[in-house]
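Just so you know, all these numbers are worked out from the coordinates, no wet-lab data involved. Because the structure is predicted, anything quoted here is derived from the model rather than measured. So basically every Cβ, Gly included, is an ideal-geometry build from the backbone, and we count neighbours across all protein chains shown.
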Amino acid sequence: MLIHNATLPDGRTGIDLLVQQGRIAAVGPNLQAPEGAPVIEADGWLLSPPFVDAHFHMDATLSYGLPRVNASGTLLEGIALWGELKPQLTEEALVERALQYCDWAVARGLLAIRSHVDVCDERLLAVRALLYVKQKVSPYLDLQLVAFPQDGVLRSAGALLNLQRALDLGVDVVGGIPHFERTMADGAESVKLLCELAAERGLRVDMHCDESDDPLSRHIETLAFHTQRLGLQGRVTGSHLTSMHSMDNYYVSKLIPLMAEAGLHAVANPLINITLQGRHDTYPKRRGMTRVPELLAGGVNVGFGHDCVMDPWYSLGSGDMLEVAAMGLHVAQMTSQQGMRQCFDAVTVNNARILGLEGYGLAPGCRADFLLLQARSPAEALRLRAARLLVVRGGEVIARSPAASASLNLPGRPLNVDFTLQRDPVPSGATEPPSIE
Ligand SMILES: [Zn+2]
């Protein structure tokens, strides 16, 4: 397959991409298609690596309203509601909802998801269901699972044993929730023991960490410490980190360099953070999202996660990582050209680094997984939630969407509206996107 005349996220235009045996064989101008190879005309649209979600809960997705709706809209009522739903779950219903969500994801060009799976259940029902789903979707979607002790690995009886059983069954990553343990000391102890468990087993770590408006919730500091101590650099992620929003600035000036030194990844979940955090505030209300531009500037890899779609915590969402990135852009006020590009990276390359995906990207040798978006640049893709014209996996087209267009029937007005026409376009042809501060 040859893709002809695409624009790349770095701004290069007129680029061809050649696929051979499921891998990218060449990328550049004026490539020749081998005899008989299909040529797909990209018409200058944006060719991007697939979207990646670094933080999701596939065991809870599409359960909105079961057994009731979250009335307060808070994180804690969501956790209580999930506790009410858990005894009613069946493996069949979990599998069905997860597979439906994966269909949505593929249609939106989301081809890799890290999902937490609750292990605080003697039966490990959700673990078994999602391990089945992982294998079932593997031809078209990379599903990475995190053993997540929702009720606290120390606070909930038997949770540590169940977490270890889940890892034995094939769950990929060690999870945790230190801010939900009974005390700060227990939270710190949970970070220590879970990092040690990951180091012993050679696994990655991804903790729900400091998902709180409490500025004194500082488990991320402990996570950085044990990451460093155990040599886990580059393999550990702090998810949410919302308390950083409320922390003292002086303390943060010490913390971010420690996080960078430990090679920690950070995941913000913009849709969820902006709706769950600050619920105890009157006015002004805190946004609650972690300090994304400051972390990036400090050398920490930051990804954005969807976290929830139609579940006890969030009634909206559709698997569209462009919606996630656009919300992150607004909440973090990352409106410069560079900032918008960073938000696009946060749902593509940055998340791929967090998952440790092999062969991800648009370089020769990478897996032939990519999207053709109806946009001329990453910023335009964010602005328009661009149509996913093609979704390609291993060199095969696995989803298509029609181009977005509208016909108007107004007196004396043009009939077709093209929302991609730029009045003041970003200069193209540059190898690096221009930075306009
Ligand atoms: Zn989560």
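Give the whole-number value, in cubic angstrom per residue, of the convex hull volume spanned by the C-alpha atoms of the stretch 316-356.
Spread over its residues, the Cα hull of the stretch 316-356 gives 68 Å³ apiece.
Counting only Cα, what are the radius of gyration and maximum Cα-Cα distance Dmax of the stretch 145-285, in Å?
That works out to 14.8, 48 Å for Rg and Dmax.
If one takes the longest principal axis of the Cα atoms in the chain, at what angle in degrees, from 0 to 90 and to the nearest 10, does the Cα axis of helix 91-107 lie?
30
On a 0 to 90 degree scale, rounded to 10, what angle separates helix 184-201 from the longest Cα axis of the chain?
60
Rg and Dmax of the chain, using alpha carbons, in Å: what are they?
21.9, 72
So between Gln21 and Leu76, what do we pick up on full extension, going 0.36 nm a residue minus the alpha carbon distance?
Full-extension gain reported as 14.9 nm.
Which value in Å is the Kirkwood Rh of the stretch 337-383 over different Cα pairs?
Result for the stretch 337-383 stands at 11.7 Å.
Residue by residue through the stretch 401-418, which ³J(HN,Hα) values in whole Hz follow from phi under the Karplus form 6.51 cos²θ - 1.76 cosθ + 1.60 (θ = phi - 60°), with glycine and proline marked x?
10, x, 5, 7, 7, 9, 10, 9, 10, 10, x, x, 10, x, 8, 10, 9, 10
Distances over 13 Å make up what percent of all Cα-Cα pairs in the stretch 258-313?
Value for the stretch 258-313 (Cα pairs over 13 Å): 64 percent.
Run the quick spin-label model on Thr282 and Leu316: label points 7 Å from Cα toward the beta carbon, then report their separation in nm to one decimal.
In this crude label model, Thr282 to Leu316 measures out at 2.7 nm.
For His265, what residues show an amide H to amide H distance below 5 Å, using hydrogens built from the backbone and excluding near sequence neighbours?
Placed amide hydrogens put Val236, Thr237, Gly238 under 5 Å from His265.
Averaging over all projection directions, find the projected area of the Cα convex hull of the stretch 132-200 and quote it in nm² with one decimal place.
Here the figure is 4.9 nm², rounded to one decimal.
Please work out the Cα convex hull volume for the stretch 1-81 and give it in Å³ per residue.
Measuring per residue, one finds 176 Å³ for the Cα hull of the stretch 1-81.
Calculate one ³J(HN,Hα) per residue across the stretch 363-379 by plugging θ = phi - 60° into the Karplus curve 6.51 cos²θ - 1.76 cosθ + 1.60, and present them in order as whole Hz with x for glycine and proline.
With coefficients 6.51, -1.76 and 1.60, one gets 8, x, x, 6, 4, 7, 10, 7, 10, 10, 9, 7, 7, 9, 7, x, 5 Hz.
Can you tell me the 0 to 90 degree angle between the C-alpha axis of helix 219-229 and the longest principal axis of the chain, rounded to 10?
In the chain, helix 219-229 runs at an angle near 80 degrees to the longest axis.
For the stretch 31-129, count all C-alpha to C-alpha pairs, find those more than 18 Å apart, and express that count as a whole percent of the total.
60
With each run of n ≥ 4 DSSP H residues scored as -39500 (n - 2.57), what mean residue ellipticity at 222 nm is computed for the chain after dividing by its residue count and rounding to the nearest 500 deg cm²/dmol?
-10000 deg cm²/dmol
Rounded to the nearest 0.05, what FRET efficiency do Asp43 and Arg123 give with R0 = 51 Å and r taken as the Cβ-Cβ distance? Could you check?
The value I calculate is 0.50.
Report relative contact order for the chain in percent, whole number only (criteria: Cα-Cα under 8 Å, sequence separation at least 6).
Relative contact order comes out at 19 percent.
If you take the beta carbon distance between Leu408 and Ala93 as r and set R0 to 35 Å, what does 1/(1 + (r/R0)^6) give as a FRET efficiency, to the nearest 0.05?
0.20
Given a cut-off of 19 Å, what percent of all Cα-Cα pairs of the stretch 246-365 lie beyond it?
Distances greater than 19 Å cover 52 percent of the Cα pairs.
Which of the peptides 112-124, 239-251, 181-193 is most tightly packed, and how do the rest follow, going by the mean number of other Cβ atoms within 10 Å of each residue?
112-124, 239-251, 181-193
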